[in-house]
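Each value in this text was obtained by applying a stated rule to the coordinates, not by laboratory testing. Keep in mind it's a predicted model, so treat the numbers as computed, not measured. Don't worry about glycine lacking a Cβ; one is built from the backbone with ideal geometry, like all the others, and counts go over all protein chains shown.
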Amino acid sequence: MLNKNYLSKFYPIIIVTIGVLICSLLIKCSPEVKPEEVVRIIPMVDSKSLEKTSIDIIIDSQGTIIPRTESQLYPEIRGEVVYVSPKLDEGSSFNEGDILLRIDSRDYELDIKAAEASLDDAKTALSIAQAESNFEREQWELSNSGNASDLRLKIPQLKKAESTVEAAEANLEKLKRNLEKTAIRAPYDGLVRKKNVDRGTVIGPGYLIANIYAINYVEVKLPIPDEDLSFLDIPLDGSQINKSNQPLVMLKGSLGGKNIEWEGKIVRMEAEFDPKSRMAILIARVSDPYKYKFPLRVGQFVEAEITGRNYNNLYIIDRELIKNNNQVITINKIDSTLKYEDINVLRYVDDTALINGGLPDEVSICITNLDIMYDGMKIRINK
């Protein structure tokens, strides 16, 4: 009995020992588990080889056509209008020297006849005064009485007669000019904007006959950002642009349902910036705008493309490929790695960027966007 109780005290130890032996045996008999190998996937990217190119910078703008020369017609004399040319109708064209209007000339013709008669009388009086002065001189010389006085020789009367003739000639010339002014002529080739007179109207100095403008050339004001001035070969000190250096500008507009182009030149820059937009104002001029099949008309809205400086050795890339404030990712094809390169962007044009510095010759860039990209990153290039 005592022996059995004594053995019962060791049952737990015996059971634990047997369990440990069984676990050890199971571990030794189980197959060895090897760690999984990590397979690194090298991403595949597309590349683009860049070639340097030459390009003219194009600056976009827009504006409304305005006349270069605009005038208001006023008469210089008073009278009744007796003739109005059809060329003075609003919208009509005229040529330099055309008679646009006539004022009744009869009173001015009568004034000229009266002035001619006065001049004839003055010339007759002068002839008499000259004859009398010559007679008195001859008589004095025959008497050998020394030097004769001007009064004895009737010099004052002669000078007065001469002055009368000069005044009569001047008055006649003035009246002839007034007669010429009864015909109001076109000062240049142009168009009528507005007419303010009809036959029978009595007009005089200060009366506005019509508003007209020249059509030998027209102009358009083109606003551009201040920074775009650096792309143009024009003086910035307000001086005139040399004719040989005037930038080309193509104006585009719609007329009669058709898209039309007109060619012009930048001739000057306004002295002041636009106070609202803070832009510089360039003036483009189109010579002989009515020579075109579709004339360029005053008041017409146009879009403009201004040709700026020519730049060589430029790279052109998609704007979306520029990373991290003017960087692109280049590909080293020798070891198939990526590299961030700092670049200089000359100008953005729509969805592209013009690069003029920072990239080596014969460079390839990565055009694939990956979630993670870093210097030295291994890649595979899609052939």
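For this structure, a couple of remarks:
- Were the residues from Lys323 through Asp189 laid out at 0.36 nm apart, the gain over their Cα-Cα distance would be 42.5 nm.
- Computed on region 70-212, with alpha-carbon pairs under 8 angstrom and 6+ residues apart, the relative contact order is 51 percent.
- Computed over the chain: relative contact order in percent, which uses C-alpha pairs under 8 Å that are six or more apart: 25 percent
- Computed E for Glu272/Glu116 - FRET, C-beta separation, R0 51 angstrom, nearest 0.05: 0.35
- Long pairs among Lys221/Lys323; Lys194/Lys243; Lys123/Lys174; Lys195/Lys265; Lys48/Lys258, criterion Cα-Cα beyond 30 Å: Lys221/Lys323; Lys194/Lys243; Lys195/Lys265; Lys48/Lys258
- A simple charge model with +1 on the Cβ of Lys and Arg, -1 on the Cβ of Asp and Glu and nothing else charged puts the dipole of the chain at about 2020 debye relative to its Cα centre.
- Above 20 Å, the calculated P(r) of region 70-212 contains 62 percent of its Cα-Cα pairs.
- 222 nm mean residue ellipticity, helices alone, for the chain (DSSP H n ≥ 4; -39,500 (n - 2.57); rounded to 500): -8000 deg cm²/dmol
- Per-pair calculated FRET efficiency, R0 = 22 Å: Ile58 and Asn259 via Cβ, rounded to 0.05: 0.80
- Computed label-point distance, nm, for sites Asp107 and Ser92 using a 7 Å Cα→Cβ extension: 2.6 nm
- Rough spin-label spacing in nm, given labels placed 7 Å along Cα→Cβ, for Ser49 and Thr69: 5.9 nm
- By the rule of a C-alpha distance below 13 Å, with chain neighbours fewer than 8 residues away ignored, the aspartates and glutamates paired with Lys52 are Asp361, Glu362.
- Proxy reagent accessibility, fewest Cβ within 10 Å first, across Ser54, Ser287: Ser54, Ser287
- Values [x] 19.7, 64; [y] 49.4, 207; [z] 22.4, 73 are given for comparison; Rg and Dmax of the Cα atoms in Å, derived from the coordinates here, is the one labelled [y].
- Reducing region 35-86 and region 265-299 to their Cα centroids gives an inter-centroid distance of 12 Å.
- Here the gap between Met279 and Asp350, fully extended at 0.36 nm per residue and compared with their Cα-Cα distance, gives a gain of 23.6 nm.
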